[in-house]
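No lab work stands behind these numbers, since they all come straight from the coordinates. These numbers come from a predicted model, not from an experiment. When we count neighbours, we look across all protein chains shown, and the Cβ atoms used for this are built from the backbone with ideal geometry, even at glycine.
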Amino acid sequence: MAASPTQSAMRNRHFLILDILGLAVVPAVVLLLRFERLDWPPGYAQTMLIYAALTLPARVWIAWQQGMYRTLWQHASVVELERVLGAGVKIAGLNFLVGFGLLQWGGIAPFRMPASALVLDALLSIAVLAAPRFAVRFATASRRRSRDGRRTIVVGAGAAGQLIARESMTSDRAMHQVVAYVDDDDSKLGQFLSGVRVEGRIDDLPRLIRDLGAKDVIIAMPSARGPLIRRIVEMVALAGASARIVPSLSDIVSGRVEMASLRPVEIQDLLRRAPIITDLNAVGTLSASRTVMVTGAGGSIGSELCRQIAALEPELLVLLDHSENQVFEIEGELRVLHPTRRLAPVIADIRDAARVRQVFERYRPFAVFHAAAHKHVPLMEENIVEAITNNVLGTRNVVDAAIDTGVQHFVLISTDKAVRPTSIMGATKRIAEIVVRLAAAKEERHFVAVRFGNVLGSRGSVVPTFLRQIQAGGPVTVTHPEMRRYFMTIPEAVQLVLQAGALGAGGELFVLDMGEPVKIADLARDLIRLSGLEEGVDVEIKYTGMRPGEKLYEEVLFGDEDVGETSHPKVIRVLADEPDPGLESRIADLIRMAQSVPTDDAKLRAALIALVPDFVASVRAPDVLPIRRRSGDHGLGSS
């Protein structure tokens, strides 16, 4: 347990007493060393007493000013050493001022102090100040090193790794005992960091875990990419230890890293690319002192949009959703996070054109982020009418109301499933993209669409489903061993949406460079491993076969689409021809068919195929086609 303020004050009072006693005798000791005998020449004893009487109060005052009596010395480090040395330098200056100047020219002592004695005095004063304090520090570290703790290997012999070892030796809350480092930098092998040896490379982890009896491995490499973390986690799991990770680079730089802040490795740590960070300063022009509306505000993407937009200080944030419970939850959360922010919770169905228009006319937003949609592929195969009326009609209603009320910026959230769709959901989102592009071309507004892949942790997505299955003991159900998907985190997805809103001039489609697609089976294995379990022993993976509307591989671009650069290297602008204005009447015909009674699913499917010619029901891997970039564009690779 950390020392209380009272205990700390008592210790510092003890140091004050020791300083007074020690510094008082230093002048006598230096003269003893100077003359190497007790019978000093006449007059030097008087000089020494006058010198000690003049300098002792000043020395203690200097130590006080340096914070020497306001420090928890059991946690002393380089900063505290600097305080001691700073006090020593000032005391040395004081010594020469009094002993060499005042005593010689002031006529208050028979002699001045010898120069050699003054140098010795400065060194001994530093020793008197440092010795008891760092004795406490070293005793504390020795006691903590000798206590029982979980034997731990740290991956990364850098600044983060050093902080971990230091924390284990200085914090009463630390439950780990660092016994070794591993690092792939050959220059560090065999070296010591905070008294702990770099015992080998990362590939040596299994052997070191076994030989040293380590129970935990801490990954202290904040810049490490997903594949490396994946490899480390696999090795650690196979060796029977558990892996934890340092939270973030910002925590390390700010010095906030403690053993208590270490967290388990999470699935987003294993993404096969570096996390994408965008500069949201430009987005401030869309929201600062403006009215902003988010549809689908209670969903996974919509709620994160609300969080990030609320932080950008809008004049009013309109939260529109069909689910009263979800609106209630996000409104309550935002009122806690931003108590002064103006919020307008709205319950509305985007399929109700009159209600949508009523809301837009009341609030007249400057920017709209349209996240309301049906997104579950197998469900929409069985509910074609709902997919069309929500994703197509709902989008048209919102777009029409936005045009009529003067909305300047409109961002549709789309999906990679709109590319060569094999599902009803993907086809309807593709038509929603067309609706937005038609409006942008006709009205010359900043209306754009954003297309991205699967979102880690969103409601109904694969990760929460897998976690529930793992907690239930399995099996974890995967449709096909070769099924692959692009993944991104919810904050990444929302940053892209906001960035697109600021970048768009009108009619563009933006996509995110999400790296390589991830095998769903690999994702399942990662989650099993991160849950501390073993595939085939604790939890089985069961392949169930592909469901209606699914395909093995998702794409974010058509093979014949050109792409251009933006100001963000990971945000890509699709350069496509303007849609045929004749599509507008055909989309209206599709909506009327979906609203007719009775409905005919076969005719609706045929109408979707007519509108989206590359919509096919068969499930196959797409041809790999290169993406053509304009000169100077950032490479995306093949899709």
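Taking label points 7 Å from Cα along the Cα-to-Cβ direction, Ala159 and Ala588 give a separation of 6.2 nm.
When both bridge partners sit in segment 281-349, DSSP labels roughly 10% of those beta bridges antiparallel.
Based on the alpha-carbon gyration tensor of segment 402-500 and its eigenvalue square roots a ≥ b ≥ c, which shape applies: rounded if a/c is under 1.5, prolate if not and a/b is larger than b/c, or oblate? Judged from the Cα gyration tensor, segment 402-500 comes out prolate (a/c at least 1.5, a/b above b/c).
Please go through the residue pairs Lys429/Lys519; Lys519/Lys603; Lys417/Lys603; Lys417/Lys519; Lys429/Lys603 and name each one whose alpha carbons sit more than 28 Å apart in this structure.
Working: Lys429/Lys519 24 Å; Lys519/Lys603 35 Å; Lys417/Lys603 22 Å; Lys417/Lys519 16 Å; Lys429/Lys603 18 Å.
The pairs that break the limit, which is 28 Å between Cα atoms, are Lys519/Lys603.
The order of the peptides 289-297, 155-163, 192-200 by mean Cβ neighbours within 10 Å, most packed first, is 289-297, 155-163, 192-200. Computed extension length for Arg201-Glu382: 59.8 nm, one decimal, from 0.36 nm per residue of separation with the Cα-Cα distance subtracted.
The packing ranking of peptides 371-383, 580-592, highest mean first, is 371-383, 580-592, where packing means the average number of other beta carbon atoms within 10 angstrom of each residue.
Would you work out if segment 284-372 is rounded, prolate or oblate? Take a ≥ b ≥ c from the square roots of the eigenvalues of the alpha-carbon gyration tensor; rounded if a/c is under 1.5, else prolate when a/b is larger than b/c, oblate otherwise. Mind showing how you got there, number by number?
Working: a/c = 1.74, a/b = 1.21, b/c = 1.43.
In terms of gyration-tensor shape, oblate.
The packing ranking, built from the mean of other Cβ atoms within 10 Å per residue, places the peptides 385-398, 466-479 in the order 385-398, 466-479, highest first.
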